[in-house]
Structures are given as C-alpha cells and as structure tokens.
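Visitor: Below is one structure. I have some questions about it.
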Amino acid sequence: MQIDRTKINFMPLIRGPLWDLNNIPGHVYTRVESLMLQFETDPDAIPLLLPEPYKPGKSALVTVLFIDSNGVDFMAGGGYRFGAVAVSAEIDSAEGTLEGEYVLVMPEDNTLPIFTGREWLGMPKFHTDISPIRILENGHLRCEAFFWGHLLFGIDISPPLKPQNALVRKAASRQATNRPSFGYKYIASLDGPPDADYPTIMWADFKIDQLWLGKSGNFYTGEATGEDIGYWKPVLDALKTLPVQNVTLAAHSFGSMVLRNDKNGRIR
C-alpha cells in the first residue's frame, strides 16, 4: 500500500486519505446546545499553564464550556458531548498578534472526534463521561465531566438568565466566530526529539438561535486522588490553580456550528 503524503491521512491507514490539502471540507454540527461560564482568575496562575510561545491575554479570563452536539456530519448524523477549560491568551504569528482562548483540557465522550482533533490539531482531548446539560429544581443549570466515575470539573449556572433578542444573538455569534481556540501539537518520538512540537489554531463558525445570559455561577473541581484517577491527577491539580475571583458571564444557548477545517492548523 502506497501512502499518499500529498493528502490528509489519519489512522488507520487502510481507510486511505480523507481529504486533498487544497480542498478540506468543514464539519457541520446541525444542533448544538452549550453552557458556558466565564470568570476572572488569579493572573499569576495563567502563565504557569501556557506553553511557549503563548502569552497571557489582556485579562485573566477563564472560559469553561460544555457542548452537547447532534447532527454531526462526520458521525453519520450522530453526536457527542464535550467540555473545555480555556484561558485567554495571545501569540505572535506571521499574520500579527492573534488573540483567543488556549484550551487547557477538552474531555469528550466519544473516541472518533478525540482521535482526529488530537492527531491533527493537537487539541488536549481525552475520554471522559460528560453529563447532559440539566435544569435542577431550583432553576440552576449544571454540567460536569467525570473520569472513571470521579468528578473532574463542572459548572453550575445560577438564575436568572435573561433571553436575548435577535440583534444580541447575531453579535454573540459574530464574537464567537471571530475568536479562535488555541492548542499545542506535541507528539513524542520513540527516539530523539518529538515528532511534532508547535502551536495550533482552531476556528469555527457559530450561529446562535436561542440565547440566555446571566452573571452568576460557579466552577468547581473534584477531590479524586492518584489512587482514583491515576496519572490524570496532575490535570485535576492544574485546574484547581484557577480560582473564581469574579464571574463575568454565564450563558446557555442553542444553535449550530461549522468547524472550519480549511482554516485550522499550525500557527506560523
């Protein structure tokens, strides 16, 4: 079997190449529900979590996001849930300074998007259980990520959340679309220097059909030990270094998304 190295290939190689380099399609997420909490944290905590050449953003903001997706084209119309904890960051590139969110962790409950997002884009994905976004009896909205039955992190959004009109929804869609997510592709070598070692960027186009906003909520982490979750314990410890100092935004939304594979990739 000849490997066509002029095209995009993923494991297993017997599948053959997925895309031409000059014709990479976007991935359509037909139905997306999201729950988000954004807060200010200790500014001294963020530099310790950012790999070079990233730098902290202008504000010490943490964004915690959960998404429940359906109608995903590369999953034959199925879907998956994922979470993310990201910090505001910037990086100098050939196109100037880029501002966005550097993703510290991105747990997901399905292996297919984990493999592709980690192999190609260097996103920090790993398999977990993600709860549905649920409404409690007291009106709070909550979602959580679990590893081997142990809580990693979650958010609890407090009422009231106010519905937003079409103008605000359009502005929020534009803001989310224009702000990328950052990653770092690092693949260790069996011998010598790493096989990959560079910063990456991920873009998506968002369309928000329903949106509720508030300014009250909580980010919390679990208390699992190394005996509970093995070598994922340092991940939990790192998340604990991001205290909530001031909640700036809480949001619940429904809409759709297109992952812009044609724009995603290595930052130069």
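Visitor: Touching a residue at least 40 places away in the same chain (Cβ under 8 Å) and not hydrophobic (A, V, I, L, M, F, W, C): is that true of D197 in this structure? Before you say what the answer is, go through the steps one by one.
Guide: Details: touching a residue at least 40 places away in the same chain (Cβ under 8 Å): no; not hydrophobic (A, V, I, L, M, F, W, C): yes.
In short, no.
Visitor: Residue check: is L167 loosely packed, with under 11 Cβ neighbours inside 10 Å and at pLDDT 95 or above? Steps first, answer last, please.
Guide: Numbers: loosely packed, with under 11 Cβ neighbours inside 10 Å: yes; at pLDDT 95 or above: yes.
Here the answer is yes, as L167 does meet what is asked.
Visitor: Cβ-Cβ distance below 8 Å, separation of 6 or more or different chains: which pairs start in segment 242-268 with a residue that is crowded, with 18+ Cβ neighbours inside 10 Å and end on one that is outside any strand (DSSP E or B) and among the acidic types (D, E)?
Guide: L242/D42
Visitor: For L213, indicate whether it is touching a Lys or Arg at 6+ places or on another chain (Cβ under 9 Å), modelled with pLDDT of 95 or more and within 20 Å of P180 (Cα to Cα). Steps first, answer last, please.
Guide: Details: touching a Lys or Arg at 6+ places or on another chain (Cβ under 9 Å): yes; modelled with pLDDT of 95 or more: yes; within 20 Å of P180 (Cα to Cα): no.
No; evaluated as a whole, the condition is false for this residue.
Visitor: Hey, can you tell me all the residues within segment 119-135 that are surrounded by fewer than 18 Cβ atoms within 10 Å (Cβ to Cβ) and among the β-branched types (V, I, T)?
Guide: Scanning segment 119-135 gives a single hit, I135.
Visitor: Here's another thing I want to ask about it. Have a look at T177, T97, T116 and point out the one that is surrounded by fewer than 21 Cβ atoms within 10 Å (Cβ to Cβ), at pLDDT below 95 and β-branched (V, I, T).
Guide: Numbers: T177 fails: at pLDDT below 95; T97 fails: at pLDDT below 95.
None of the other options fit; the residue is T116.
Visitor: Hey, among the residues in segment 16-49 that are aliphatic (A, V, I, L, M) and surrounded by fewer than 20 Cβ atoms within 10 Å (Cβ to Cβ), which one's nearest to P132 (Cα to Cα)?
Guide: Filtering segment 16-49 for residues aliphatic (A, V, I, L, M) gives 18, 21, 24, 28, 32, 35-37, 45-46, 48-49.
Next, only the ones that are surrounded by fewer than 20 Cβ atoms within 10 Å (Cβ to Cβ) stay: 18, 21, 24, 28, 45, 48-49.
Working: L18: 31, L21: 36, I24: 31, V28: 21, A45: 30, L48: 31, L49: 28 Å.
Taking the candidates together, the pick is V28.
Visitor: Being assigned to a strand (DSSP E or B) and of a type in the set (V, I, T) is the filter here; which residues of segment 65-120 pass it?
Guide: In the first step, residues of segment 65-120 are kept if they are assigned to a strand (DSSP E or B); the result is 65-72, 81-93, 96-108.
Hits for segment 65-120 are I67, V72, V85, V87, I91, T97, V103, V105.
Yes/no matrix, rows are residues, columns are (1) hydrophobic (A, V, I, L, M, F, W, C); (2) free of Cβ contacts under 8 Å to residues at least 60 places away in the same chain; (3) in a loop (DSSP other than H, G, I, E, B):
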position: P160; (1), (2), (3): no, yes, yes
position: V168; (1), (2), (3): yes, yes, no
position: A172; (1), (2), (3): yes, no, no
position: Q175; (1), (2), (3): no, yes, no
position: F182; (1), (2), (3): yes, no, no
position: L211; (1), (2), (3): yes, yes, no
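Visitor: Tell me, yes or no, whether segment 140-148 has at least one residue that is buried (at least 22 other Cβ atoms within 10 Å of the Cβ), outside any strand (DSSP E or B) and at pLDDT 95 or above.
Guide: no
Visitor: If you take the residues in segment 10-40 that are within 30 Å of G57 (Cα to Cα) and modelled with pLDDT under 95, which one is nearest to the chain's Cα centre (by Cα)? Break it down stepwise before answering.
Guide: Here is the first cut: in segment 10-40, the residues within 30 Å of G57 (Cα to Cα) are 26-29, 32-40.
Subsequent filtering for residues that are modelled with pLDDT under 95 retains 26-27.
On the way: G26: 17, H27: 15 Å.
So, considering only residues that are within 30 Å of G57 (Cα to Cα) and modelled with pLDDT under 95, the one nearest to the chain's Cα centre (by Cα) is H27.
Visitor: Same structure again: Looking at L13, L48, L35, which one is touching a Cys at 6+ places or on another chain (Cβ under 9 Å) and not small (G, A, S)?
Guide: Working: L13 fails: touching a Cys at 6+ places or on another chain (Cβ under 9 Å); L48 fails: touching a Cys at 6+ places or on another chain (Cβ under 9 Å).
Selected residue: L35, the only one of L13, L48, L35 that is touching a Cys at 6+ places or on another chain (Cβ under 9 Å) and not small (G, A, S).
Visitor: Residue check: is P107 at pLDDT 95 or above, surrounded by fewer than 16 Cβ atoms within 10 Å (Cβ to Cβ) and either of a type in the set (S, T, Y) or closer than 25 Å to L211 by Cβ (or both)?
Guide: Taking the combined requirement at face value, the residue does not satisfy it.
The values are calculated or read from the model by the stated rules, or taken from the named source; none is laboratory data. Bear in mind that the values here come from a model prediction, so they are computed numbers and not experimental data. Backbone-built Cβ (ideal geometry, glycine too); neighbour counts: all protein chains shown.
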